[in-house]
1. Only four residue types carry charge here, +1 at the Cβ of Lys and Arg and -1 at the Cβ of Asp and Glu. Report the dipole size of the protein assembly as shown about the Cα centre in Debye, rounded to the nearest 20.
2. Would you mind calculating the gained length between B:Met284 and B:Leu83 on full extension (0.36 nm times residue separation, minus the Cα-Cα distance), in nm to one decimal?
3. Mind running the shape call on chain A? Use the C-alpha gyration tensor, a ≥ b ≥ c as the square roots of the eigenvalues: rounded below 1.5 for a/c, prolate if a/b tops b/c, oblate otherwise.
4. Determine the alpha carbon to alpha carbon distance for each of B:Lys121/B:Lys234; A:Lys148/A:Lys433; B:Lys29/B:Lys136; B:Lys68/B:Lys234 and list only those over 21 Å.
5. How would you classify the stretch A:284-419 from its alpha-carbon gyration tensor, with a ≥ b ≥ c the square roots of the eigenvalues: rounded for a/c under 1.5, else prolate if a/b is greater than b/c, otherwise oblate?
6. What shape does the stretch A:253-360 take by its C-alpha gyration tensor, where a ≥ b ≥ c are the square roots of the eigenvalues and a/c under 1.5 counts as rounded, a/b above b/c as prolate, and the rest as oblate?
7. What distance in nm separates the two pseudo spin-label positions at A:Leu372 and A:Glu141, each 7 Å out from Cα along the beta-carbon direction?
8. Per 10 Å bin, what is the whole-percent P(r) computed from every C-alpha pair distance within the stretch A:130-237?
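Bear in mind these aren't lab numbers, they're just calculated from the coordinates by the rules spelled out. Because the structure is a prediction, the values reported are computed rather than measured. Using ideal geometry, Cβ is built from the backbone for each residue, glycine included, and neighbour counts are taken over all protein chains shown.
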Amino acid sequence: MSKLTPKERLKIPRHPMIEQDPMERSHNFNEVNLGYTAQLAMAEADRCLQCPKPTCVEGCPVHIQIKDFIGLIAEGDFLGAVKKIKEDNALPAICGRVCPQEEQCEESCVVAKRGEPVAIGHLERFVADYERNSGKIEIPEVKKSNGKKVAIVGSGPAGLSCAKDLCAKGYDVTVFEALHELGGVLVYGIPEFRLPKDIVRTEIDGLKKMGVKFQTDTIIGRLYTIDELFEEEGFDAVFLGVGAGLPWFLGIEGENLDGVYSANEFLTRVNLMKAYKFPEYDSPILDLHGKNVAVFGGGNTAMDAVRTALRLGAKNAYIIYRRSEKEMPARVEEVKHAKEEGVQFMLLTNPVRLIGDDEGWLKAVELIKMELGEPDASGRRRPIPIEGSNFTMDMDVAIVAIGNGPNPLIMKTTPEIEVSKRNTIVVDPETMKTSKKGVFAGGDIVTGGATVILAMGAGRKAAAAIDEYIQTGKW
Amino acid sequence: MFKIVDARFLAENIKKFEIEAPRIAKKRKAGQFVIIRIDEYGERIPLTIADSNVEKGTITIIVQGVGKTTKELNMKEAGDSILDVVGPLGQPSHIENFGTAVSIGGGVGTAIAYPTAVALKEAGNYVITINGARSKDLVILEDEMKSVSDEAYITTDDGSYGFHGFVTQKLQQLIDEGKKLDFVLAIGPIPMMKAVADVTRPYGIKTVVSLNPIMIDGTGMCGGCRVLINGKPKFACVDGPEFDAHAVDFKNLADRNRTYREYEQEALKRFEEHCRLEKQIKEMKEEK
């Protein structure tokens, strides 16, 4: 590590991410962020004060040893750095891209008190990419088989991280996925321009090399019930990481018109089914060239949808959100990128009804202006409609991106699993144990729609508890 | 990969496939469906399971070649494979001993009306089947339907076989004759299902239809298959596919199903052009 004084380190300005030009990228699906160079990464690592008490680690949901990995980057030991991250995080190339660092590690960074925080996310991404590009991805050590079988339901971030830990401990792990592709929300939800699918595939290939088995086209709850996994298939424990896969709608007039999508459908068509390559691929998506597109919502999914609409040729792409920018749940970077690309933000605005033509096609939306009142249960100020402020706008396509509830498929066929009023699975927060013996759960199915890193953390926690349960037999 | 063990045409453009899918064969119940994807470039389409054979480990689907995907599927032969077959999906048919139950299949819809007719018979119903088609050569599953029926009728639009007229006219005739009908299941094109609902509504006969909206995942994740039931959105893939016919908004279903018509036509045109060229190349090669 270069011998800089803390004062000198604080003087170095944060190194911005290298990005594709906004005007160019708003017309293609290539990744927006291009990543640091080795030189930039080392220079950014020099900004880290190497605090004796690294608060950044506390800010990370899985407590990555941030100080240590950044120290290794500063020394130029990039492979050492990624190894250090992987002690706590199975998927750094993914988390480095999609974690909301500004409210986690980077928010807790001491440097942030005097300026901008160390770009921890960019550094994590850099070393993960460095490892992948070097072709020297280290396959984690796998203990001798202990002959015990664990079923993981869902191949999203929670399932993958749980599978990895258990496989390393010597378990015979099978991951069941309902769709034809592995990765869950990482492949059907998050667009290519934010998370290239090759990266997800590389991570999954790594798990395959470790010995994790994957079975696509398999819907647990239908093809196998949970009880059948235990009784017929001989599994010793089951982890449910099935995500929040039931889109919410607004419940307003006109939501069933042609031209109205859930964000899940819109993104699944584009990301999973590759509808942006129609007719090379068979699944279509409405041609958005010259069209007006409204996306309702202010989360990451809304940003993904609106930016995808731009890339599909939309003339005007709007975010329509009922609160102000401050309350938006989306990552700061996604909002910034969306604005740079030309997305138009209509804040403090809410849809009242969707208006169709005689043939059932959407033609306009009626909106109402909102103002913020007292904070509600979420701690955010409650939006209140301003009476008489209604207005309509011509609109060809509307995308509803107001969140997802838990998919009830498994709970319906396994009534012993206790669910909350919101239909999420109830677990012991320490062990991720559900109310059914041998069954654990984690990720969005427990928390409701949250982040990749929280789901991963839950998967790892469950893996440790599953290991303990199987070894001791104690529930 | 899911292997096709048997493939044969039942009528022009309507093909029956037996596909190796042992677990689905074991678990499926009448009224449920699978989603298939032919190959890496394919779309995901729902197809109702017509039958299954647990010993052989196969399921049967019956496909009418309408668009690109179904026509491409109908070119597959025994020994070929389908990349993805997912299921069983949807709620099984609600079967009980209603008394007298009528199972109506219109066109390829008969493929779905048949397994439910079997289940209705097994539950002890007096089963009447009405098997409708445009003309005689398009009638499918005649023997199968007959074998589970206490009364079996065939109707053809052009009168070339059986009763001359629509299935609804036959149904109305049965009602007019004073038959007490306790349950009607109707599966076929949207206008037919709507017409059946209109016939039974004034008599308050419990009527169920199986809906076929556009789907992607089939597990409730995309919401593309939402249909209006009593004005409220329901997902056909997890809440259905069978619904109370008198509560369905058929116009909305028809509207939503034509969302991609232009695209479907384009895809079909390209596909047929592709097939034509392939055929030409093959012929040229043979000439050589």
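1. 1400
2. Here the segment from B:Met284 to B:Leu83 would lengthen by 69.3 nm.
3. Note, shape of chain A comes out oblate.
4. B:Lys121/B:Lys234; B:Lys29/B:Lys136; B:Lys68/B:Lys234
5. The shape class here is rounded.
6. Oblate.
7. Once both label points are built, they end up 5.2 nm from each other.
8. 14, 43, 32, 9, 1
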